[in-house]
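A quick write-up on the structure given underneath.
What follows draws every value from the coordinates through simple rules; no lab data is involved. What you see is a predicted model; the values in this text were computed from it and never measured. Every residue, glycine as well, gets a Cβ built from its backbone with ideal geometry; the counts of neighbours run over all protein chains shown.
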Amino acid sequence: MTVQETHLENVRRSQEKITALLGGLKPKLAIILGSGLGGLAARIEQPAAIAYRDLPGFPVLTVPGHVGELLAGRLGGVPVIVLRGRKHFYETDDAYPLKTMIRAVHAAGVETLFLSNAAGSLRPHIKVSELMLITDHINFLGLNPLTGANDDAFGPRFYSMSDAWDKELAAKVRAVAGHEDIPLHEGVYMAFLGPSFETPAEIRLAQMLGADAVGMSSVPDCLIARHCGMKVIGVSCITNMGAGLSDENLTHAHTMTNASLGAAAFERLVVATVRAL
Ligand code: HPA
């Protein structure tokens, strides 16, 4: 089998397993949990779980803080799928595991992908522990998961990213945040490849280019989801100021600790959003 044929088969087999796990639930939304935001998983009512390793073609995770399992259940009474962890492009140059994960969930009937991540702020008014609704992105990864032969079964070769982060859904998240009294910034997320954090000069570059937060994830997920026609919502949890903007020392442990500061607000926002959709 070619790589593409194997992928198609993996998506089909994983979709069957997800559909079986759902046991009749029909979620419209799947949530990918970012670094330090795994606590939302504990809020799932009557969860059914399957490890990524039991889903053909799904990513095998290596970063601490990323569990690697898919949960099906309800959040605030509403059916959802929760994806605990994903692989970053600093860990791999193989885009297929991430494609399999997103396309299998889509094939199982999910129309909307809610992306979350830990990010560094580029703006003084966007502070550590606060949330930022992603309104657009800059792909600074130097790669795109859709390069190479197009997987025609899932989407077209060329596709628009002019409405990548869904405006109607963003309006709903904004309204929910207002209603629930959750402070919510908005801005442009710029993805760096990592695994190193940025230099202060790179952070100044990102500011000049119009970004409001930087991170190492979510942009590939958005590219794959838009290719197959899913709608995308995204929220960043600010874990630090960008390099050089404060005197804190950036480490993964620091990211995880500070994500927990914003996690409660993040969880409330997701639960209220899911209810409002
Ligand atoms: N840069 C890149 N990725 C990140 C950061 C950052 O400052 N904080 C959390 N993830």
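A few comments on the model shown:
- Calculated on the Cα set of the stretch 214-277, radius of gyration then Dmax: 14.6, 42 Å.
- Projecting the Cα atoms of SER121, TYR96, LEU146 onto the charge dipole of the stretch 70-165 (Cβ charges, centred on the Cα centre) puts SER121 farthest toward the positive pole.
- Convex hull projection area averaged over all views, the stretch 56-210, Cα basis, nm²: 11.0
- Euclidean distance between Cα centres, the stretch 133-149 to the stretch 23-70, Å: 23
- In degrees, nearest ten, helix 96-107 long axis to first principal axis of the chain (Cα): 70
- Cα-based helix-to-principal-axis angle, 252-276 vs the chain, degrees rounded to 10: 60
- Here the stretch 186-238 is treated as an ellipsoid with the same Cα gyration tensor; its semi-axes, largest first and in whole Å, are 23, 12, 9.
- Across all Cα atoms of the stretch 1-65, the radius of gyration (one decimal) and Dmax (whole number) stand at 13.9, 41 Å.
- Cα long-axis angle, helix 3-22 against the chain (0 to 90 degrees, to the nearest 10): 90
- Ellipticity estimate at 222 nm from DSSP helix runs (n ≥ 4, -39,500 (n - 2.57)) divided over the chain, nearest 500: -10500 deg cm²/dmol
- Applying a DSSP loop filter and a limit of 15 other Cβ atoms within 10 Å to the GluC sites (Glu not before Pro) in the stretch 42-119 leaves GLU111.
- Estimated dipole of the chain in Debye, rounded to 20 [Cβ of Lys and Arg +1, of Asp and Glu -1, Cα centre]: 620
- Cβ-based exposure ranking for ASP163, ASP221, in which fewest neighbours within 10 Å come first: ASP163, ASP221
- Once the Kirkwood radius over Cα pairs is known for the stretch 70-123, the Stokes-Einstein relation at 20 °C and 1.002 mPa s delivers a diffusion coefficient of 162 µm²/s.
- Pairs of Cα atoms farther than 27 Å apart, the chain, %: 34
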